Amino acid sequence: LQGSLWCSVFRRAGRWLKMKNIILIGMMGCGKTTCGGLLSRRLDRELVDTDALIAAREGRSIPEIFAAQGEARFRELERGVAEELARREGLVVACGGGLPLRDDAMAPLKSSGTVVFLCRDPGETFDTVPMDARPLAQEGREAFLARFRDREPVYRFWADQIVTDFSSPEATVNAILEGLS
């Protein structure tokens, strides 16, 4: 279905869709921000990327936060942002890849809407997405694949919907919309 048709379908879906958040989870580089942007435009919703919000508030990049304060501090900042966003309505939230690993960060978001796991092949992700600005991808391909194997059960646990079509960002968004309808 084309974008305008999707919008009319969702307008008829009623108040639930207007209120509930759509939360995108998955590995770094899987397309949460890209697809979240397309999804937010199609549904006329605000996109909030948790990593971008943290970086803007801290006045430095995620790698700089990791280097200066460590991963534990970053995860605390992430938890605070997750709790804040869970109190809002009608958002598309693109979560940092590690956010779902913390129950205290993910549970509030899950209660605020529908969680969509973007389950993109991790080898393809590593091979096609620039990883130089991603602190937890600096150990190479095999470590990235191992990180995905460790995280995948957690992503599946939180997911209300799992999307595996990554033929194009538009196809991924269409799959998300189909699952939401």
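The values are calculated or read from the model by the stated rules, or taken from the named source; none is laboratory data. What you see is a predicted model, and the numbers here were worked out from it, not measured in a lab. Virtual Cβ from ideal backbone geometry, glycine too; neighbours counted across all protein chains shown. In case anyone asks, the SASA skips ligands and DNA or RNA and just uses the protein heavy atoms, side chains included. Shrake-Rupley method; radii C 1.70, N 1.55, O 1.52, S 1.80 Å.
Residues whose amide H falls under 5 Å from that of Gly29, counting only those 5 or more places apart or on a different chain, are absent, with hydrogens built in the peptide plane. Between Arg87 and Asp150, the modelled label-to-label distance comes to 3.2 nm, taking each label 7 Å out from Cα in the direction of the beta carbon.
Each of Ala67, Val129, Gly113 was scored by the projection of its Cα onto the charge dipole of the stretch 31-151, and the greatest displacement toward the positive side belongs to Gly113; charges sit on the C-beta of Lys, Arg, Asp and Glu.
Couplings 3J(HN,Hα) of the stretch 174-181, computed from phi: 4, 5, 4, 4, 4, x, 6, 7 Hz, in residue order, whole Hz [Karplus 6.51 cos²θ - 1.76 cosθ + 1.60, θ = phi - 60°; x for Gly and Pro].
With the cut-off at under 13 Å, measuring from each backbone N in the stretch 17-38 to a point 7 Å along the Cα-to-Cβ line of Asp127 picks out no residue. In the chain, Cα pairs under 8 Å separated by at least six residues give a relative contact order of 31 percent.
Karplus-based coupling profile of the stretch 45-50, in residue order and whole Hz: 10, 7, 9, 10, 9, 4, with θ = phi - 60° in 6.51 cos²θ - 1.76 cosθ + 1.60 and x standing for Gly or Pro.
Set against the labelled values (1) 47, 33, 28; (2) 74, 41, 30; (3) 62, 43, 28, Cα extents along the principal axes in Å computed from this structure falls on (1).
Here the accessible area is traced with a 1.4 Å probe on the protein chains. For the chain, carbon and sulfur cover 50 percent of it. Each stretch of four or more DSSP H residues adds -39500 (n - 2.57); spread over every residue of the chain, this sum gives -18500 deg cm²/dmol at 222 nm.
In the context of the full set of protein chains, the chain has a per residue accessible area of 48 Å² (1.4 Å probe).
In this structure the amide hydrogen of Ile23, modeled in the peptide plane, comes within under 5 Å of the amide hydrogens of Val93, Thr114, Val115, Val116, none closer than 5 places in sequence on its chain.
With respect to the chain, whose longest principal axis is taken over its alpha-carbon atoms, helix 62-86 is tilted by about 30°.
For Asp49, the residues whose modelled amide H falls within less than 5 Å of its own, excluding neighbours fewer than 5 places apart on the same chain, are Ala94.
Using only side-chain charges placed at the Cβ, +1 for Lys and Arg and -1 for Asp and Glu, the dipole size of the chain relative to its Cα centre rounds to 700 debye. Spin-label pair Thr34-Thr164: with each label point 7 Å from Cα along the Cα-Cβ axis, the two points sit 2.0 nm from one another.
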